[in-house]
Structures are given as C-alpha cells and as structure tokens.
Amino acid sequence: MSQPYRLPRGGRIDRGAPLQFTFDGRTIHGYQGDTLASALLANGAALIGRSFKYHRPRGIVAAGAEDPNAFVQLGRGARAAPNRLATVTPAAHGMQVRSVNAWPSLDYDVMSLLGLAAPFIPAGFYYKTLMWPRRLWPLYERVLRRAAGLGRAPSGPDPDRYDYVHARCDVLVVGAGPAGLAAARAAARRGARVILADEQPQPGGSLLASAERVDGVPGHAWAAAAAADLAASPRVTVLPDTTVFGLYQSNLALMVERRREQPGDAAGTERGARTWRVTPRRIVLASGAHERPLLCANNDLPGVMLASATAAYLHRYAAAPGSRAVFFTTNDTAYRAALDLAEAGVPVAAIADVRADPDGRLPAEARARGIQVLAAAAVRRVLGRRRVAAVELCSLDGSPRGVVECDLLGLAGGFAPALHLHAQAGGRTDWDPALAAFVPRRSNGVHPAGGAAGALGTAAALRQGAQAGASAAAAAGFTADAAPAPPGGGPELPSAQDAPDLGFQPYWVPPNALGRVKPQFVDLHEDVTLDDLRLTLREGFEAVEHVKRYTTLGMGPDQGKLANPLATGVLAELQGLHPAAVGAPRYRPAYTPVALGALAGRSVGALSDPLRATPMQAWHQAAGARFESVGQWRRPLAYPQRGETVHDAAARECLAVRRRVGLLDSSTLGKIEVNGPDAGEFLERVYVNTWKRLPPGRCRYGLMLGEDGMILDDGVTARLDERRYLTFTSTSGAAEVLAWLERWLQTEWPELRVYLTSVSEHWACLALAGPRSRETLAAAGTDIALDRQAFPHMTFRAGRVAGVRARVFRISFSGELSYEINVPADQALHVWETLLECGRPFGIAPYGTEAMHVLRAEKGYVIVGQETDGSVTPLDVGLRRMLSRRKDFLGKRSLSRPALLRADRKQLVGLRSDDPAQVVPEGAPLVDAPSRRRPLPMRGHVTSSYHSPALGRAIALALVSGGRASLGERLYAAAPDDRWIPVRSCLPIFYDPTGARLHV
Amino acid sequence: MQRYSLPHLIRRGLRGQRGWTRAWRKAAPKPSYDVVIVGGGGHGLATAYYLAKLHGVRNVAVLERGWLGGGNVGRNTAIVRSNYLWDASAHIYEFSLQLWEGLSRELNYNVMFSQRGVLNLGHSAHDMHGLARRVGANKLNGIDAELLSTEQIARLVPILDTSAAARYPILGGTLQRRGGVARHDAVAWGYARAADALGVDIVEGCEVTGIRAAAGRVAALETTRGEIRAGKVGLVVAGNASVLAAMAGLRLPIQSHPLQALVTEPLKPVLDPVVMSSAVHVYVSQTDRGELVLGAGIDAPTSYDLRGSFRVIEHTLAATVELFPIFSRVRMLRQWAGTVDVCPDASPIIGPTPMEGLFVNCGWGTGGFKATPGSGWVFAHTLAHGQPHPLNAPFGLDRFAAGALIDEHGAAAVAH
Ligand SMILES: Cc1cc2nc3c(=O)[nH]c(=O)nc-3n(C[C@H](O)[C@H](O)[C@H](O)COP(=O)(O)OP(=O)(O)OC[C@H]3O[C@@H](n4cnc5c(N)ncnc54)[C@H](O)[C@@H]3O)c2cc1C
C-alpha cells in the first residue's frame, strides 16, 4: 500500500520486513533493503531537496555515492546527521528524515525566487559586487551565509563511538563488484593476505543493479556466494559497508567502516564507525565507474536520472523511478536500461540517440519491442515545474522532433572510471578516446581493474579483476606456483556475458543549432551551468583548477563525481582543446565525506591526549588540592584548607617552607639517564657548562641552548657514577629535550658512545624543603648521613629513605635547605605519607606549584618558558658566569653575534611596585613614561609577579631593555584596565641574597 | 580595466553576461623587463601591483610556473589578523591589516574580507600568561586586542566546550575583532587583474629554471619559455624559496614542510569568529558557503611532498572534537597540503641578497596570507628603491648573522 511505484516482484528487498519513516513529516513506506532514495521513489516522491544556490527543485539522480542532489538531514538533537546522502543511506524503521536548504517547505521555498535573479548572479558574481559601501558588507555577508550552508550541525556531543584498527595485508581490493571479487579470489589463491572492502552493505557492485547472470546464476547470488567463500578463508577479510576514502603517503589506505544498528537501538541510529589504517603491499582498484550525465535545458528537474540508476532502482529495489520514460543516450547502455524498464511494465516513450545510426544488437531489440528510437537526436529541453512533465526532442541540426510526455528522463553519457584514489596518490591517467574519459595508468602499486580501468561489461571486469589480483599478488611476492588450496574452489574465471561494444559517441556541448536554451547544469550540486563555464572561460579562467575555484565546480559534498568528468569534455570542446590538455581537477581525499569523529578515532574523551598522573595524584585529590594544567600533567597548585582561597593557601605554604618544612610532589620533572663512556663529553656539548670533571656524587645546575644561543631548558644534572649522569629537565620540556638530545646523538654525533633513557616515570620525586627538612628526613628514617659535612649542598647520595631505596639530591629550587628524594614510583606514596607523618612535629605542609613559583621568584630563579621565551640568552638572565670558555657547546658561536651583545637587549631584573600591596599583572608591558601615544615604545614586560609572604610585599621579575645597567630606574607597567603602575627595577633577588640558608 | 559593480552585472546580465572580457591578459614573456617577479602567488602579484601603482615601475613581469594562485595563496585557511607580539611583526601585520580593510575597493575586486574576529584560546596558566603579554603589547602598539574570560568566550562561541572538566579547559582567550578571513583565490585574482590593468605582464606556465648573473649582478632568468633579461629580480616563491635561491648560489635559513588543511561539508551557520588554539593546533572558521575550514599543525619532517601525514590530521581533529563536541558528526569533505617555508624565528625574510639586483621575499611559513597586501607593498618599495622600507628593515637576511631574530615561535607559538 501507498508504494505506488513499487514493482510487484523482484528486487533485493525483504518484503517480509516492511518499515516506515518520515520525510518532512510525511510517512514513507519501504522494506528492509531499501535505501532512503529507493523508498522515496517507490512512494512516488520525486522532489527531495533544493539546490545550493538557486534553490531549484531537485530529485534523485543516481543510485550511489555519486548523487549530487540527494542530501538530507537525519535524526535530531545530538544524533542529528547533516547532509547524509539518501542514495546510500539504508532505510530504517522510525527514521526522521528532513530536506535541507528549503524554507518554509520543500514545495514552496521562498529562496527559489533567486532563480529569477539567476541572470544577474552568475558564477563568481560576488567578486564583482557587494563592495560598496564597505559598512554594509557584514550585512550582505550575513544574508549570504544564511542562504548558503546545507544541513544543520548536531546540538550536543556525539553519542556514537569511533575506534580504529591498524592492519597490514598483501593486497587490498577496493570494491567488491565483479572485478574486485575476481581480484580478491585470484590474489587469495596465490596465498596473499587480502582485504576486500566495499562501501555497500552487500557485495556485487554493478551486479546488484542488473539482471545479468554469472556462472549461470543471478549476478547478485554469485557475488554473495563468492564473498562468502572469500570470507571463509583465513587469509581474507571481507569488509562490507567500508569506504576506502584516502590513499596517503607510503601507500597508507584509510577506510571507514560504518557500524550498523544494534538490536535495541533507537530507530535510525548511526552507530559510529571504525577507521581502518591499512598498509597493503599492493592495491587493486576495482572501484567501478560513474555514468556521465548529459546537457540539456532543465536537466536538473526531479525525474532526470542516470540511465544506470533507473536500472539500479528497478533491479535492486524493485522501485520504478517513473511511470513513463524517455532516454537520452550517446551509447548502447541506455537501451539495456530501457528494455529492462519496459520489461518491468514501465512504458518507454522514446530513446533519443545522438548517434546517426544506432544499429547494435540492443537498439535493434528496442525497436523490435516497439520503442521509438530517434537517431541523430537529442533532448533539447526538459519541461515541468517540480518534476519532469515532458521533454522536447530535436535533431542535432535543430529541427524539432516533438514533445514527448514523460516523468522520467534517463541520461546515458558514457562512463568515467572512479579513479579518485589512484589520482589522490598522484597516479597518472591517460585519455581513452573510445571511452572519452581518463583511465588510470598502473602505478604506485595500484592495479586498476574493471570499470575503474575503463572496462565495461561483467565478463571483462571478471577477466581484468582476475588478472589484476594475480599480478598484485605476484608483485607482493606470491606466485601462482606457490599457490595453496583455493578458497571455495571452482574455476578461476567465472563465466559471464561480454558487453556489446558500446559504440560511444561523445556529446558534450549541445550543438548551436539547438539554440541557447537554459539553464543547462554541469554541476547540479553547485548550480554551475554551461553558461557559467562559458563566462568563466571568457574571463580567462581557463586552467581547470581556475574553473573549479571560480565557479565552485565539483566543490560540493559530492565532490563533483558526476560533474568533473562531464566538465572536462565540455571545457575541451568550448576551448577547442584535447581533453587531456584540459585535464581533471585534482582529486583530494576523502572519496566520500568522513565524520571528524571517525578520523579522530579513539583519541577523544579520556583517551584524548591522556593525562599523566604521579603516584601521589589520588592523595592530592583527597587532600583537596586545586590543580593546574602543566603539559600533560595536572599538578597541585595549592592545598586550600577550610575557608582558604588558593592565594591564602599558597601564602601559608610559602611560609611553611621558609620557616619550617614543606613537601612538594615534583615527580613531573623530566629525568633522563645519560649513560656510557662518552656521557661526559656529550653533556659538555649540549650544556653551556662543564661536566667531565664533575666528581661522582656531585650535582650541577646546567643550561642548554638552542643553536641560536637562546635558552632551551635548564635543570640539575648529577653524576651518578663514572659513566652515568642523571639529568633533570623542566616538566613541560621533558619530551622535547629528550628528542633534542637524541637528534644530536643520532644525526650529528653517532660516534659518541652514549645511551639516553627516560626515567621520568620510573622515579617519583619528592622535594622536602625548609629549615627543618633535615630533621624531617632523619625522622622518616634513612641510612644516609645527613650532616652538613657528610652531605653538602649540590651533592647526591644513594641510600634508603623510609625503608625504600632512594636517590637523594641536596639541591634546592626554593633557596632553603632541601632534599629532592627520588624513589621508585611504586613506593613513592608510602614515602610521601611517611615524610608528612614524620614531619608533623616540625610543622610540615604539602605545598603546590603556586608556592613553588613564589619561592623561586623570591630567589630570582628563572623558569624556562616564563622568564624565557625562545629569545633570551644566558647573558640576558645574568648567567654569563656559567658559560664555559674552555670548550665548545651548542649555541656558543651564536652568542657572539653582535645583536646578542648589545647593551639594550632585554635583561632580567627585579621589580618593586611603589605600592608594596600592588601585584603587577604578569605579562604587562613596561614603558619609561605613561602616554596615550600609539605605538608607544616598550622597554620590556613583566615575566613573573607575586605577593611575597616572606617579605610582605609584591615582587616581580621582568625583562627590560638595558635593564641590568640601569637598576633602580623608574618604569611604568600598563595594566589590562589601562592603569599605569609605577615600579622601580632592582636586582632580581629578593630573599637571602648571599644564599646563606642553602648551606646550613 | 572593465569595472566590476552591481550596475555592470545587471546590464551585462540582460545580455547573458556576455560582455565580460579576460580578467587579465594571457601575456607572453618579453625578452626583457625592468623588474621580474618570480612566483604568481599573493605576495608576488601584490608586489607587482604596488610597483606599478605606487612606484611607476610598469615594465614588470610576474612569472608563474603553473596556473596563477596554485600555490599557498590558494591553499591556506585565510586567517587574517595583526595581533603579533614583537614590535617589528606587529607593525608590518597591522599595516597589512589596514590595507586589507580597503582592499576590495582598491582592487575593484571583492576579496570578501570578513572581519568576524579572531579568538585565541588559552588552556593553561602558561598560555594565559602569554596571551596577557601579547594583549598588553598589542594595545601599546595600537592594535585592537581584548582579553576575554571563559564566560565571555562561552557567550561568543556557545558551541565550544568551556566546561572546567574539558581535556583542554578554556581559561580565557584574546579577541581581535578586526581580524577575520578573506577569500584567498580572490586575492590572487584581484591583484592579478589590477596589476595587469597597469601594464604588468602576468605569465603563467613559465617556470624559472636558472638565474644568470653578470659581474656579480643579476642579469637574466632562464625559464621554460626562454631566457628573460631583468634589471631586478624578486623571488617570491614561498615553499620553493630554497630551490630558487640555490639557483643564485644562495643558501637561505629556510626549511620547507607540508602544512595541511581540510574543509567539511557545508552547514548552516554555527560558528561566527575564527577560533584558534595554538596549544593544541586547532584553528577553525566557517566560510560563507557554510563549510568549516580547519587547519592542522605542521608536519615535522622537511618535505616538498604535497601529501602530509595522516597522523597530523588525526591529532588536529581529536583536539577539534574535544573543543567542539558537536563537530564530531560533521564530515570532512576535502583535505590537502601546501609547502610552507619556515625560518628559524618564524618570521619572513624581505630584502636584498648578496647578489646585486636579486631580492627575496619568503619565509612567511604558515602565516603569510594575512600579510599579502603589506608584504607586496614593502617589497615593491624595496625593489623600487633598492632599499628596504622601515617596515621591513628588521626582516633582512642579515638578521641571522647579526642575531637580531624576531622570534614569533617561542613567544606565542601561533603563526597562522
Ligand atoms: C594549509 C595552509 C594554511 C595556511 N593558513 C594560513 C592562514 O590561515 N593565514 C595566513 O596568514 N597564512 C596561512 N598560510 C600561509 C600562506 O598561505 C603563505 O604564507 C602565503 O600564501 C605565501 O605567499 P604566496 O601567496 O606568495 O605563496 P604562493 O601562493 O605559494 O606563491 C608562490 C608561487 O611561486 C610559484 N613558483 C615556485 N617555483 C617557481 C619557479 N621556479 N618559477 C616560477 N614560479 C614558481 C609557485 O607555483 C607559486 O604559485 C597557510 C598555508 C598553508 C599551506
């Protein structure tokens, strides 16, 4: 019922499984096995969308991924799926389907009035107008933006899941039509591991859309059996519903496998997708061919369809695409479609054939069936408002041949291989004059076969497929001789009918005699007409890429699958050039659109750039820490107690360290073991200071420069023993520094016997700092002698702490007596808790990064990335004394460049605001005197700024041009609220300038 | 030059838009020119235009090996802004932005410069520190800049995940309202048409294969269309800068890398300003056609291959979906790459070379589209006078030897 165009018999649909969905609120009936498009056609819905620019009524043109019109919106809310193609979307019960780009309704779209303006808004009209007055451009643009676009984005986060698979195989076969199936069989028989992928839910490709027989059985049945045989082989992976959408560097093929609805899913659910990253040795390209449309006026009306699509709807879906058909053809294939339609009871009123004398077997058959065949004839114009009502026929010399009523026009302009993947990979193509299309040249490990290679007809496809499969397998190292038992058995080459010679005759631009009837669409999606192409050439945009960019030809979501092959011929003819000289626009991935979520794969949510955690992470959480993002870590910023702000907490923690003892989790620091006989030599080359003579057991602060002489990273390195050093890097620089060191080691100094090992996560690092840290450490229990003589500042000792094997470094980033205790990560929490427990009598407090920052700023210690920004040298921060004169090191020569020695370079200074309570905003620029003048020359900027609890005043560090030589000068900081804050520069050290507290 | 305007469109529309002529002549190369510009990208064409327009130098050719605008000018994500950190950069990009503001009318070609605002996101205290610093510097340089709170950002771009639980929590950002996007191809075509009208020969399909010097001075170019003598030569070939410089025996401090970008299917408007996050390599805008344009990070290995690695795309899209959860179901339509020429300090080189008469304008890397008008303007000045303009004086080739780098990498790590 209510499927007036459903044929009583046939089709690959399950009549036992009826379903219904809504289209713009209207109920559509169909069966399992239908696509949205086939169900819509069966229900007699011809108009399904409005075009992108002129909002013209549009219908279904094709039966596959090449359709330029059939974009619809699926679902709602977070499950909304914009711009899904009705011709490839399986119909499911309960789906909500809506048309796009029409308002208020599909039937009456206000914007279709734009059609009246069409003569004045040709391709690229916007380049020529909307320039005056400038003020109004935002308004013009708002109107343009509203009118453009297609579907609507979902309203919430994607409920679907995506994942990915890495796979390798010997032969990847793209397409499971006859050529692909034959290729997969041939390759698998030779022992190759094969992946066979097809975008459709069932194998068979063109066989699904015809009545042909293979090996004596219906083509689709043969394909199903062949695919099942293949799938049974352990060497073969058969992937239906899988589109190979891109060929990348190193033959990386990317495929997206759509995951189908699960039982219990809400209707119309899309279940996300899986992205396959396959690196095959060889690729068989059996992706078929797309039929080319033909030009005539109003060739975009609903009811105008590819001839092959009429056959597909008929055979595959038992849906009659119309009730009375006319065909317009350049070759014999349309006759097959016409005969099949007639056979199914759809009258075919006429076939207009551009050829002077169509005399093949099929034309004869058509005539015999009583179909009117007009030779040397063309469709001049299609008539109708919202769907085809009639066509106006005429001879190629222009003489009228009558108006024929019909509601379906089948276009058969010949076939163009779907060579997108091949071309994406930079593969060359040749112009095949018999086909009037580009065919792929075998290259890049890609073996084309079947329609993709320009072969038409099932027998040829099977033959070529078998050959391509065999040669691809051979190229991957599998020869016939070594062939193990064939999967499924049977002869290598199934029998099928050869296609008759097509007798193709190109028909690009309708002859002048037909008159300039309009509009004739070359690209239906982008509303690019023949006149647009003429205009474009007239204006000198002749290169095919210029045409594409100027007209937007082929830039729609269909990527011009139908338009581009047609445009090549049209452009060639308009310019009097050989089509090969025109070429095709560059093919780019993706073959069909792929969800960003699918491309992102698993790297979302918790797996997106996974956070790293120290062994104390849960402890920090439980202690109520507030965190900050530092690289991939979340570090405790401070541990506010009841009623405290972060700022209060940090102040309390600072004082704890200055007066008593504090404990910091600095496990996030990068740690690299530098191992080997040349370790010292290596360090000498990458650090500005010397290392070879550092005795084992000692530590030294090091500075690493880029080749440009700028500070790259800093940190302490300890000499563990004769051949082993341990280098600490900054938290966020850890990975970068390791990569930098490896780069030098591997590419420039391979002769050095040095091995680098990241031990960042192996060792947790607990910084115990403050005047009472020694007592705390002793109380926690250690076999290391802690007195000043036995364990002085800048040394390292190995031993046990709280019963755990530990490396203890007496180094300090706070200016206080401090022990950085490194313990194996799995025992760190125990040590952490023990230290806190044992430190309680001494007033211990855990402290976070905020306090750490304040403490080090009080001491004037720089943080790489805060005081430095890739433009700061050691001289600028007052560390000239660290530079070794006796040896060379990375960046040394750069440091002697004149601009780096200038007195007016920005140098590190301290700042004191006049108002001690006034914390200057970080990042604020500094000037000599306030002014409204712009641009106002800047002297520098504030790099760090805090309230210092120990000093009871605001302190800051800054980089100031010529700052070192003019300490004490008055400067003004520009606050974001445009206030000027008076400050005075000073030495960048505010607390314990002599360092006495370090050596207690 | 045929004028472009609405009345002309209508008048010609009544006659089937038949009256239009070529936007620029299909010039064949003459044997000799006063100035030859190598490279028909945005910068080369702009240079030729300003040479003819402002300096009266009209015996000029632009040589393009392929079709005009097929390089990075036609491959970029078209973001235009001027909120650079260092003074030298700020001045040249701001000058350029001011030219953008009048460009459509200057060229009588609508380049669709759309000042929809450029929003830069900060995800950590470190980012926010850098953004605050940049805003402070911008304001004193007379460049519009605002520091936004998370709430303000949520109001401006409601589809961003501004929750604190986000993987890349948005702590704030900066907004340059005068920034935006433009139609990249139109910039090339507009300059070509305007330059052509002033007499500049635009020669497509003409690849320079050699540079000939006589007595230490540039004398002629060898091309696939014969030898062309030149008084002065400007190399403006973006990703191929090193290749061309090598023809003159020069080694430039430039590395070429693939940089990738992609567009999605068209959607009804969902995103108004341009959104950039340099910390996670996301930058995205929505075109007037409704497509989302997304730029990826740079491919680390140096290469002239126009296919970047998928890994980079995956990374960018993962971060994009984290920031914009509703984009997950939106689909990628097309993806491509260009070859970008990157200097060690991520700033361009615009000025003379050791070979007399030979000038370079390159090293714009991942962010030169926005500079197109300003770059052409200063380079035209440089070629005409043989000396840099004060705006480009800091960008000389000699800065590497002198150490006077303008390091936009380290400062904010945003270069697009
Ligand atoms: C993916 C991507 C995204 C980008 N996004 C942005 C962005 O958002 N904002 C921004 O400001 N910038 C961006 N850029 C950078 C910007 O595109 C470039 O910096 C700028 O376009 C380069 O200048 P151009 O236009 O002159 O270069 P091109 O257009 O590349 O011009 C150089 C020309 O020289 C020609 N040529 C080369 N060799 C020869 C030869 N031997 N003989 C003759 N001709 C030759 C080339 O064919 C080419 O046409 C992006 C770049 C890419 C690749």
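The values are calculated or read from the model by the stated rules, or taken from the named source; none is laboratory data. No experiment lies behind these values; they were computed from the predicted model shown. With ideal geometry, Cβ positions are generated from the backbone for all residues, glycine too; neighbour counts draw on all protein chains shown. Remember, those area values only see protein heavy atoms, side chains included, never the ligands or the DNA or RNA. Shrake-Rupley method; radii C 1.70, N 1.55, O 1.52, S 1.80 Å.
Could you check, for the stretch B:111-119, whether at least one of its residues is over 30 Å from A:Val544 (Cβ atoms), at the interface with another protein chain (Cβ under 9 Å from one of its Cβ atoms) and not aromatic (Phe, Trp, Tyr)?
yes
Go over the candidates A:Val173, A:Val165, A:Val143 one by one and state the one that is within 14 Å of another protein chain (Cβ to nearest Cβ), farther than 30 Å from B:Pro266 by Cβ and β-branched (Val, Ile, Thr). Working first, answer last.
Working: A:Val173 fails: within 14 Å of another protein chain (Cβ to nearest Cβ); A:Val143 fails: farther than 30 Å from B:Pro266 by Cβ.
The conditions single out A:Val165.
Look at B:Arg25 and say whether it is at pLDDT 95 or above, facing chain A (nearest Cβ under 9 Å) and under 25 Å from the mean Cα position of the chain (by Cα).
In short, yes.
Only one residue in A:Pro557, A:Pro585, A:Pro615 is open to solvent by 20 Å² or more (accessible area, probe 1.4 Å) and either within 12 Å of chain B (Cβ to nearest Cβ) or at pLDDT 95 or above (or both). Which one?
Step by step, each of A:Pro557, A:Pro585, A:Pro615 is checked, and only A:Pro615 is open to solvent by 20 Å² or more (accessible area, probe 1.4 Å) and either within 12 Å of chain B (Cβ to nearest Cβ) or at pLDDT 95 or above (or both).
Determine which single condition B:Pro269 fails, assuming it passes every other condition in (1) more than 14 Å from every other protein chain (Cβ to nearest Cβ); (2) in contact with a strand residue (DSSP E or B) (Cβ under 7 Å, 6 or more places away or on another chain); (3) more than 13 Å from the ligand (Cβ to nearest atom).
Result: B:Pro269 passes all but (1).
Given the conditions (1) away from chain A (no Cβ under 14 Å); (2) within 14 Å of the ligand (Cβ to nearest atom); (3) out of contact with any Gly (no Cβ under 9 Å at 6 or more places or on another chain); (4) open to solvent by 10 Å² or more (accessible area, probe 1.4 Å), and given that B:Gly367 satisfies all but one, which numbered condition is not satisfied?
Result: B:Gly367 fails condition (4) only.
Looking at (1) under 18 Å from the mean Cα position of the chain (by Cα); (2) at the interface with another protein chain (Cβ under 9 Å from one of its Cβ atoms); (3) at pLDDT 95 or above, can you tell me which one B:Val330 breaks?
(1)
Inside the stretch A:854-897, can you point out the residues that are within 14 Å of another protein chain (Cβ to nearest Cβ) and assigned to a helix (DSSP H, G or I)?
Answer for the stretch A:854-897, where residues must be within 14 Å of another protein chain (Cβ to nearest Cβ) and assigned to a helix (DSSP H, G or I): A:Val854, A:Ala857, A:Lys892, A:Arg893, A:Ser894, A:Leu895.
Of (1) away from chain A (no Cβ under 14 Å); (2) away from the ligand (no atom under 11 Å from the Cβ); (3) within 30 Å of B:Ala132 (Cα to Cα), B:Arg178 satisfies all except one. Which?
Of (1) away from chain A (no Cβ under 14 Å); (2) away from the ligand (no atom under 11 Å from the Cβ); (3) within 30 Å of B:Ala132 (Cα to Cα), only one is false for B:Arg178: (1).
How about the stretch B:58-71: which of its residues are open to solvent by less than 30 Å² (accessible area, probe 1.4 Å) and more than 14 Å from the ligand (Cβ to nearest atom)?
If the condition is that a residue be open to solvent by less than 30 Å² (accessible area, probe 1.4 Å) and more than 14 Å from the ligand (Cβ to nearest atom), then B:Val60 is the only one that fits.
Quick check on the stretch A:77-97: of everything there that is aliphatic (A, V, I, L, M) and within 14 Å of another protein chain (Cβ to nearest Cβ), which residue is farthest from A:Ala37 (Cα to Cα)?
For the stretch A:77-97, the residue satisfying everything is A:Ala78.
Taking the stretch B:211-229 on its own, how many of its residues are touching a residue at least 40 places away in the same chain (Cβ under 8 Å) and within 13 Å of the ligand (Cβ to nearest atom)?
Of the residues in that region, 6 qualify.
Would you mind telling me which numbered condition in (1) open to solvent by 30 Å² or more (accessible area, probe 1.4 Å); (2) not in a strand (DSSP E or B) B:Ile143 fails?
Of (1) open to solvent by 30 Å² or more (accessible area, probe 1.4 Å); (2) not in a strand (DSSP E or B), only one is false for B:Ile143: (1).
So which residues in the stretch A:531-553 are more than 17 Å from B:Gly69 (Cα to Cα) and either facing chain B (nearest Cβ under 10 Å) or open to solvent by 10 Å² or more (accessible area, probe 1.4 Å) (or both), if there are any at all?
A:Asp531, A:Asp532, A:Arg534, A:Leu535, A:Arg538
Of the numbered conditions (1) facing chain A (nearest Cβ under 9 Å); (2) open to solvent by less than 30 Å² (accessible area, probe 1.4 Å); (3) part of a helix (DSSP H, G or I); (4) not β-branched (Val, Ile, Thr), B:Trp100 satisfies every one except a single condition; which is it?
Evaluating B:Trp100 over (1) facing chain A (nearest Cβ under 9 Å); (2) open to solvent by less than 30 Å² (accessible area, probe 1.4 Å); (3) part of a helix (DSSP H, G or I); (4) not β-branched (Val, Ile, Thr) leaves (1) as the failure.
Quick check on my filter: what residues within the stretch A:174-199 are surrounded by fewer than 24 Cβ atoms within 10 Å (Cβ to Cβ) and touching a residue at least 60 places away in the same chain (Cβ under 8 Å)?
First, pick out the residues of the stretch A:174-199 that are surrounded by fewer than 24 Cβ atoms within 10 Å (Cβ to Cβ): A:191, A:193.
Correct list: A:Gly191 only.
Among (1) away from the ligand (no atom under 13 Å from the Cβ); (2) within 7 Å of chain A (Cβ to nearest Cβ), which single condition is B:Gln255 missing?
Condition (2) is where B:Gln255 drops out.
Find all pairs meeting these conditions: Cβ atoms under 6 angstrom apart; at least six residues apart or on different chains; first residue within the stretch B:56-79 and within 12 Å of chain A (Cβ to nearest Cβ); second residue within 6 Å of the ligand (Cβ to nearest atom) and open to solvent by less than 30 Å² (accessible area, probe 1.4 Å).
Listed pairs, sorted by first residue: B:Glu64/B:Gly40; B:Leu68/B:Gly40; B:Gly71/B:Gly41; B:Val73/B:Gly41; B:Val73/B:Gly42; B:Arg75/B:Gly338.
For the stretch B:294-320, how many residues meet the condition of being more than 8 Å from chain A (Cβ to nearest Cβ), open to solvent by less than 10 Å² (accessible area, probe 1.4 Å) and of a type in the set (Val, Ile, Thr)?
1
Name the pairs whose Cβ atoms lie under 7 Å apart, with the first residue in the stretch A:127-139 and open to solvent by less than 80 Å² (accessible area, probe 1.4 Å), the second aliphatic (A, V, I, L, M), and 6 or more positions between them or separate chains?
Every condition considered, the pairs that remain are A:Tyr127/B:Ala186; A:Lys128/B:Leu9; A:Thr129/B:Leu6; A:Thr129/B:Leu9; A:Trp137/A:Leu130.
If you go through the stretch B:38-75 one residue at a time, how many are over 26 Å from B:Arg3 (Cα atoms) and among the aliphatic types (A, V, I, L, M)?
The total comes to 1.
Out of A:Val100, A:Val110, report the one residue that is surrounded by fewer than 13 Cβ atoms within 10 Å (Cβ to Cβ) and in contact with a Phe, Trp or Tyr (Cβ under 8 Å, 6 or more places away or on another chain).
None of the others qualify; the one that does is A:Val110.
Each row is one residue, and each column tells you yes or no for (1) buried (at least 24 other Cβ atoms within 10 Å of the Cβ); (2) among the basic types (Lys, Arg); (3) touching a helix residue (DSSP H, G or I) at 6+ places or on another chain (Cβ under 9 Å).
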residue: A:Ala956; (1), (2), (3): yes, no, yes
residue: A:Gly963; (1), (2), (3): yes, no, no
residue: A:Pro976; (1), (2), (3): no, no, yes
residue: A:Arg984; (1), (2), (3): no, yes, no
residue: A:Tyr991; (1), (2), (3): no, no, yes
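Return the only residue of A:Val646, A:Val661, A:Val604 being of a type outside the set (Ser, Thr, Tyr), open to solvent by 20 Å² or more (accessible area, probe 1.4 Å) and touching a Pro at 6+ places or on another chain (Cβ under 8 Å). Before the answer, list the steps.
Details: A:Val661 fails: open to solvent by 20 Å² or more (accessible area, probe 1.4 Å); A:Val604 fails: touching a Pro at 6+ places or on another chain (Cβ under 8 Å).
The match here is A:Val646.
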